[in-house]
Amino acid sequence: MEIKSAEFVISNTDLSKCPTGNMPEYAFIGRSNVGKSSLINMLTNRRGLAMTSATPGKTMLINHFLINNNWYLVDLPGYGYAKRGQKGQEQIKQIIENYILEREQMTNLFLLIDSRLEPQKIDLEFMEWLGENGIPFSIVFTKADKLKSGKLRSQINAYLHALKEQWEELPPYFVSSAEDRTGRDEILKYIEDINKEINS
Ligand code: GTP
Ligand code: MG
């Protein structure tokens with residue numbers, strides 16, 4: 001799919017101020033610093049569209065980006081950033097959970113996982129929570145450029161193996177790099193197919 005336009009629309013913590021209407025939206029979630037904002041910039045080919053940072057905790061709000069005047073990408077704050085403190089983390093958790101549970105336009109959630117790491121308890125628990133609440137999601141293994149291809153494959157296989165202990169059926173998954181643009185075509189095709197299905 002060609003990205004003809006990508007515009008920032010609004011940032012807020014309040015669901016009632018998110019864009020109205022029924023255009024489908026695709027949101028990005030995962031631990032702080034996993035690469036959510038960078039992935040949005042990579043997919044849209046707009047370097048500074050979503051704000052990124054080398055230090056975790058950059059995105060604090062729900063950010064809507066309108067794509068091709070037809071659907072939204074949504075950048076969410078990351079979870080699990082300890083330096084935010086208990087109270088700060090709880091606030092972010094509320095924003096995230098509220099959005100995921102209440103936002104009817106949310107068509108698919110991309111859960112980002114750092115491809116270099118072993119399965120983390122916080123991510124597995126988050127997936128379990130998604131499952132319990134019937135939230136459609138897919139996985140994106142990020143920062144693929146940081147591993148050699150053999151290691152990358154074995155990391156991902158190990159991750160999927162671990163998931164199989166918890167899940168009867170695995171969610172769709174993608175491998176991405178915001179550096180070398182790995183995964184861009186696959187993720188955009190996936191979104192395009194869902195959009196077509198919705199419109200048919
Ligand atoms: P929060 O908003 O804090 O939750 O973080 P985020 O998940 O939005 O992460 P962000 O996109 O801001 O990226 C965090 C850091 O990882 C930045 O320094 C990025 O340059 C780097 N990064 C993100 N994606 C990739 C990638 O695919 N490859 C490499 N090498 N670095 C990446
Ligand atoms: Mg971010």
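Nothing in this text is a laboratory measurement; each read-out follows from the coordinates by a stated rule. Just so you know, these numbers come straight off a predicted model, no measurement behind them. Note that each Cβ is placed from the backbone with ideal geometry, even for glycine, and that neighbours are counted across all protein chains shown.
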May I ask which residue of Asn69, Asn41, Ile122 lies farthest towards the positive end of the charge dipole of the chain, with charges of +1 (Lys, Arg) and -1 (Asp, Glu) on Cβ and the Cα centre as origin? Asn41
Tell me what the chain gives for mean residue ellipticity at 222 nm when only DSSP H runs of n ≥ 4 count, each as -39,500 (n - 2.57), the sum divided by the residue total, rounded to 500 deg cm²/dmol. -11500 deg cm²/dmol
Relative contact order computed over the chain (Cα-Cα under 8 Å; 6+ residues apart), in percent: 22
Take each of the peptides 70-77, 89-96, 33-40, 162-169, average the number of other beta-carbon atoms within 10 Å over its residues, and list them starting from the highest. 33-40, 70-77, 89-96, 162-169
Pick from Asn63, Asn133, Asn108 the residue whose mean-square fluctuation is largest in a GNM of the chain, springs joining Cα atoms under 10 Å. Asn133
Which one of Thr182, Asn12, Asn195 has its Cα pushed farthest toward the positive end of the charge dipole of the chain, where Lys and Arg give +1 and Asp and Glu give -1 at the Cβ? Thr182
Label zone at Ala82, where the point sits 7 Å out along the Cα-to-Cβ direction: the stretch 115-132 residues whose backbone N lies under 14 Å: 121-122
In debye, nearest 20: dipole of the stretch 130-200 around its Cα centre with unit charges on the Cβ of K, R (+) and D, E (-)? 440
Could I have the simple spin-label model distance between Lys17 and Gln166, label points 7 Å from Cα toward Cβ, reported in nm to one decimal? 3.3
Too-long pairs where the Cα-Cα distance tops 18 Å, listed order kept, from Lys36/Lys143; Lys36/Lys196; Lys58/Lys93; Lys121/Lys164: Lys36/Lys196
Obtain the radius of gyration and the Kirkwood radius of the stretch 1-145 from its C-alpha atoms and give Rg over Rh. 0.93
